[in-house]
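Participant: There's a structure below that I have some questions on.
The values are calculated or read from the model by the stated rules, or taken from the named source; none is laboratory data. None of these values were measured; they are calculated from a predicted model. Neighbour counts run over all protein chains shown; Cβ positions are idealised from the backbone, glycine included. Quick note on the areas: whole protein, heavy atoms, side chains included, nothing else; ligands and nucleic acids left out. Shrake-Rupley method; radii C 1.70, N 1.55, O 1.52, S 1.80 Å.
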Amino acid sequence: MVSATVGRSAVLGAVVVSLLAVPAQAATGRPHTGAAAGLPAPDTAGLRSVLRSAIAQGAPGAMARIDDNGSMYRATYGFADRGTRRAIDGDDRFRVGSVTKTFSAVVLLQLTDEHRLTLDAPVNRYLPGLLPDDRITVRHVLSHRSGLYDYTNDMFARSVSGFESVRNKVFTYRQLVKLSLAKPRTNAPGAAYSYSNTNFVVAGMLIEKLTGHPVRTEYENRIFKPLGLKDTFYVHPDKKLPGRYTRGYLTPDAAGAPLVDATEQTLSWAQSAGAIISTTRDLNTFYSALVRGRLTSPARLAEMERFTPVNSTTAYGLGLRRRTLSCGISVYGHTGVVQGYYTYAFTTKDGRRSLAAVATTSNNGTVLDTMAGTLESAFCGKPKKAPRDAPAIGRNEDAAPAPARN
């Protein structure tokens, strides 16, 4: 296919920015019709402004990609490597953190389609004696309503020392569950939503028990290969990211202390809750395919989209978030917080417009909240009035907990 490229690039001191709008081959082979139906055009100037703000607030690099019914918009700012001062590239790989949870949920829903799993069955039916309460079901785990305490609350009570204590460790799933069970549960099974990485550690255990394969094998055979996600990997316990990637930098708790390069770690403390590596392109492909029904049956997708309210703008299904933006549009996906990386990956209900964005820092609540603005720019278009502040994700959300807020 011959494609035209319209772009601009500039070097502004230490900041590199590029913007592309590229017609892309549609998966179905049908002619492109332009912007996703019923949506305003993306606010690409607003998107660039959000990424510039993230850099000004302490992120060494930031990038975003919008795939819009056949057109692609991409913006990048800053550095992939502070040491070499290599500019971040839109094709760079990065750690996606809790976006991994959607992948884990998809595998379990596929196993449900295959009649190898029942969502409302007790987890202990499949993993006898693992949990102290037979009332905790698979559905409770995938919707964060199990009441299982999130062990990462204690593990990362202090950002740098907590990270360094586990950077090179290799945990078993059962060791992580044991850390959770040493603390009281947050609620009775099914009684309330309470985000916990423990839930998706249990999800990984279920995948491996039911299939007899490592989660890596199931991700690859069921999702990565069928969707052609050539830049998406589950890397554990190896510490290095494969191929070309952007490094991630952890912000210390002490104001003014230098950033810590957190790129290389086993991520064994997260595993099936947060160890996938991907790119903005692959994440957009994944979420678009998911909501279009390419990965599960319609019945299982409907189960995934049975949402429990979290706050006024966010609800959680089975490994899937729904977020309602200031313009009233709801988008579907997940956020990811892991040392060195903040990720937003969402798509429209019909999958025709998708956004993936990442800032290469963590433990910086200002950057985390700023990056939520990429959703507004991607899906709401140019604001007709000043947008309201995006709600903070909160300390106990995603893989490595975000900093506490008042």
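Participant: Rank these residues by their accessible area, most exposed first, probe 1.4 Å: Arg222, Arg116. Don't skip to the end; give the middle numbers.
Facilitator: Details: Arg222 40, Arg116 95 Å².
Largest accessible area first, the list is Arg116, Arg222.
Participant: Sort largest first and round to whole Å: the equivalent ellipsoid semi-axes of the stretch 74-132, each the square root of five times a Cα gyration tensor eigenvalue.
Facilitator: Working: eigenvalues 346, 42, 11 Å².
Three semi-axes, in Å: 42, 15, 7.
Participant: Right, here's the next one. Once neighbouring chains are kept in place and the probe is 1.4 Å, which whole percent of the accessible area of the chain is contributed by carbon and sulfur? Mind dumping the intermediate values first?
Facilitator: Numbers: 8080 of 15580 Å².
The nonpolar share, carbon plus sulfur, comes to 52 percent.
Participant: Which of Asp369, Asp261, Asp120 moves most in a GNM of the chain, Cα contacts under 10 Å?
Facilitator: Asp120
Participant: Another question, then. Highest GNM mean-square fluctuation, the chain, Cα pairs closer than 10 Å: which of Gln175, Gln339, Gln271?
Facilitator: Result: Gln175 has the largest fluctuation of those listed.
Participant: Under the definition of Cα pairs under 8 Å and six or more residues apart, what whole-number percent is the relative contact order of the stretch 81-178? Each step should come with its number before you reach the end.
Facilitator: Working: 38 pairs, mean separation 12.7, N = 98.
Dividing the mean separation by the residue count of the stretch 81-178 yields 13 percent.
Participant: Could I ask something else about it? Excluding residues on the same chain fewer than 8 positions from Lys382, give the lysines whose Cα lies under 25 Å from its Cα.
Facilitator: Lys349
Participant: Now for a separate question. What order, most packed first, do the peptides 88-99, 246-257 have when packing is the mean number of other Cβ atoms within 10 Å of each residue? Write down the numbers at each step before the final one.
Facilitator: Numbers: 88-99: 25.2, 246-257: 18.4.
Output ranking for 88-99, 246-257: 88-99, 246-257.
Participant: Determine the per residue accessible area of the stretch 111-182 with all protein chains present and a 1.4 angstrom probe, expressed in square angstrom.
Facilitator: Numbers: 3250 Å² over 72 residues.
Spelled out: the 1.4 Å probe surface of the stretch 111-182, per residue, equals 45 Å².
Participant: Can you tell me the relative contact order of the chain? Whole percent, Cα pairs under 8 Å, sequence separation 6 or more.
Facilitator: Working: 923 pairs, mean separation 92.1, N = 406.
The normalised contact order for the chain reaches 23 percent.
Participant: How would the stretch 103-168 be classified by its alpha-carbon gyration tensor: rounded, prolate or oblate, with rounded meaning a/c under 1.5 and the a/b versus b/c comparison settling the rest?
Facilitator: Values: a/c = 2.86, a/b = 1.96, b/c = 1.46.
Taking the square roots of the gyration eigenvalues as a ≥ b ≥ c, the stretch 103-168 is prolate.
Participant: Please identify the DSSP H helices in the chain that span no less than 15 Å along the helix axis (Cα) and have a mean Kyte-Doolittle hydropathy of 0.5 or more.
Facilitator: On the way: long enough: 44-56 (18 Å, 0.77); 100-113 (20 Å, 0.76); 197-211 (22 Å, 0.72); 280-291 (17 Å, 0.12).
Helix filter hits for the chain: 44-56, 100-113, 197-211.
Participant: Here's another thing I want to ask about it. Under 5 Å between amide hydrogens, which residues at least 5 positions from Ala80 or on another chain qualify, with H placed 1.01 Å from N in the peptide plane?
Facilitator: For Ala80, the qualifying residues are Arg86, Ala87, Ile88.
Participant: So if I average 1/r over every pair of distinct C-alpha atoms in the chain and take the inverse, what Kirkwood radius in Å does that give? Could the numbers behind the result be given before it?
Facilitator: Details: mean 1/r = 0.0474 Å⁻¹.
Roughly 21.1 Å, rounded to one decimal.
Participant: Using the charge dipole of the chain (Lys, Arg: +1 at Cβ; Asp, Glu: -1 at Cβ; taken about the Cα centre), state which of Met155, Thr361, Ser49 has its Cα farthest towards the positive end.
Facilitator: In the chain, that residue is Ser49.
Participant: What FRET efficiency comes out for Leu181 versus Ala255 if R0 is 41 angstrom and r is the Cβ-Cβ distance? Round to the nearest 0.05.
Facilitator: On the way: r = 36 Å, r/R0 = 0.87.
Rounded to the nearest 0.05, the efficiency is 0.70.
Participant: Kindly state, to the nearest 0.05, the FRET efficiency for Ala45 paired with Asp133, given R0 = 60 Å and r defined as their beta-carbon distance. Mind dumping the intermediate values first?
Facilitator: Working: r = 52 Å, r/R0 = 0.86.
So, using R0 = 60 Å, E works out to roughly 0.70.
Participant: How big is Rg to Rh over the stretch 121-268, alpha-carbon atoms, Rh as the Kirkwood inverse-mean-distance radius?
Facilitator: Details: Rg = 17.2 Å, Rh = 17.2 Å.
Using only Cα positions, Rg/Rh for the stretch 121-268 is 1.00.
Participant: On a full-extension model of 0.36 nm per residue, what is the gain between Glu164 and Thr313, subtracting their alpha-carbon distance, rounded to one decimal in nm? Numbers along the way, then the final one.
Facilitator: On the way: separation 149, 0.36 × 149 = 53.64 nm, distance 3.46 nm.
Contour length minus the Cα-Cα distance gives 50.2 nm.
Participant: About its Cα centre, what dipole magnitude does the stretch 55-143 give when the only charges are +1 on Lys and Arg Cβ and -1 on Asp and Glu Cβ, stated in debye to the nearest 20?
Facilitator: On the way: 12 positive and 11 negative charges, 69 e Å.
Value, rounded to 20: 340 debye.
Participant: Just list whichever of Lys101/Lys209; Lys178/Lys230; Lys169/Lys225 have alpha carbons separated by over 24 Å in the model shown.
Facilitator: Values: Lys101/Lys209 17 Å; Lys178/Lys230 35 Å; Lys169/Lys225 29 Å.
From the list (Lys101/Lys209; Lys178/Lys230; Lys169/Lys225), the Cα-Cα distance tops 24 Å for Lys178/Lys230; Lys169/Lys225.
Participant: How big is the antiparallel share of DSSP beta bridges in the chain, given as a percent to the nearest 5? Please report the intermediate quantities before stating the final value.
Facilitator: Numbers: 59 of 62 bridges.
Approximately 95 percent, going by the DSSP bridge assignments.
Participant: I would also like to ask the following. What aspartates and glutamates does Lys240 reach when the alpha-carbon gap must be under 18 Å and sequence neighbours fewer than 8 apart in one chain are set aside?
Facilitator: Asp81, Asp91, Asp92, Glu164, Asp231, Asp261, Glu264
Participant: Just how large is the dipole of the stretch 152-191 about the Cα centre, in debye to the nearest 20, putting +1 at every Lys and Arg Cβ and -1 at every Asp and Glu Cβ? Intermediate results must be reported in sequence, preceding the final value.
Facilitator: On the way: 7 positive and 2 negative charges, 23 e Å.
For the stretch 152-191, the charge dipole is close to 120 debye.
Participant: Build a GNM of the chain with springs between Cα atoms under 10 Å: which of His140, His236, His115 gets the top mean-square fluctuation?
Facilitator: In the Gaussian network model the winner is His115.
Participant: Treating only the Cβ of Lys, Arg, Asp and Glu as charged (+1, +1, -1, -1), what charge dipole size does the chain show about its Cα centre? Round to the nearest 20 debye.
Facilitator: Values: 50 positive and 32 negative charges, 70 e Å.
It works out to roughly 340 debye.
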